[in-house]
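Below is one structure, written out as structure tokens, with a few remarks after it.
Rule-based calculations on the coordinates, nothing more; no lab input. Remember, it's a predicted structure, so these values are computed and weren't measured experimentally. Cβ atoms come from the backbone with ideal geometry, glycine included; neighbour counts cover every protein chain shown.
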Amino acid sequence: MPELPEVEIVRRGLAPAMEGAAFSAVTLNRADLRFPFEPRFAERLRGQNVARLTRRAKYIVAEADSGLCLAMHLGMTGRFTIERHSDGAGITPGSFYYEHAADTRHDHVVFAMSNGEVIRYNDPRRFGYMTLFDAGDMAEHALFRGLGIEPLSDALTPDYLAARAAGKTQALKAFLLDQRIIAGLGNIYVCEALFRAGLPPDAAAGALGIGKRGTAAAARLCAAIKGVLEDALLAGGSSIRDYRHANGDGGHFQEKFDVYGRGGEPCHNDCGALIVRKAQQGRSTFFCPRCQARI
């Protein structure tokens, strides 16, 4: 599943084609994706002018002048293709985890924009979804109501991490993956951030902020989370098998992974240890047993 940096890159790629343009036509080639489309979905979107394209966690949100919002989630294999009106060429500001060919049979949603751009949503597994809501209802909407802070915002601080972790016995990695605490942070970048911070993924989260060692750990972790996400954005995301972003190039952050997907390989810190892979809550965790020995 695309993580926050990849979703943000998709948003940036879509923005020039959508912002300031209206939906001239909306075509649904099936009645559902992961969930059924709402009644009158296409009718409600037609004629709506997109004021701006934003992101909340892993959702891309098109906000219309009228206040109507379209939330889009890529799921595991969803991607967008933009057909440029100038030359008819297609670009793919999209990201997906599992490799698949761009079979047009899986073009489930097509947006024809007033600026001449045609945006196709392709999703073989149909784990993605789209929904409409009014901007004023966003805070209480079921998709957004329980989401935590954005990891690249000023709200993520060492004090915030320590306060939310206080008294928790759950593993540190599970704590960071809790979308109610930090929105949009996923498995790949949690593994990488914990390595940068030198923290064990299975340590009790409540240790953050306790004593000088815990306070220092919270500071390192906060900096590591922001740093790894910013580096991934600069690198264009991570090419997990078949990722492409707006200019057609692959993301390159996977070439800089310190631990993710490197089980059995030497630690980049030259500490002499090999990267370990183990399962936590059904997900693969990668870490260095020497560099991440304790909080």
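Assorted remarks:
- Sites residue 256 and residue 155, calculated FRET efficiency, Cβ-Cβ separation with R0 30 Å, nearest 0.05: 0.70
- For the range 4-140, a/c is less than 1.5, where a ≥ b ≥ c are the root eigenvalues of the C-alpha gyration tensor. That puts it in the rounded class.
- Residue 163 versus residue 215: modelled label distance in nm, points set 7 Å from Cα along the beta carbon direction: 1.7
- Only DSSP H runs of four or more residues enter the estimate; each adds -39500 (n - 2.57), and after division by the residues of the chain the mean residue ellipticity at 222 nm equals -7500 deg cm²/dmol.
- Rounded to the nearest 10 degrees, the angle from helix 4-18 to the longest Cα principal axis of the chain is 20 degrees.
- Candidate lysines - alpha carbon under 26 Å from residue 168, same-chain residues fewer than 8 apart omitted: 58, 212, 226, 278
- Folded to 0 to 90 degrees: helix 187-197 orientation relative to the chain principal axis, Cα: 40
- The label point for residue 24 and the one for residue 46, both projected 7 Å from the Cα toward the Cβ, are 1.4 nm apart.
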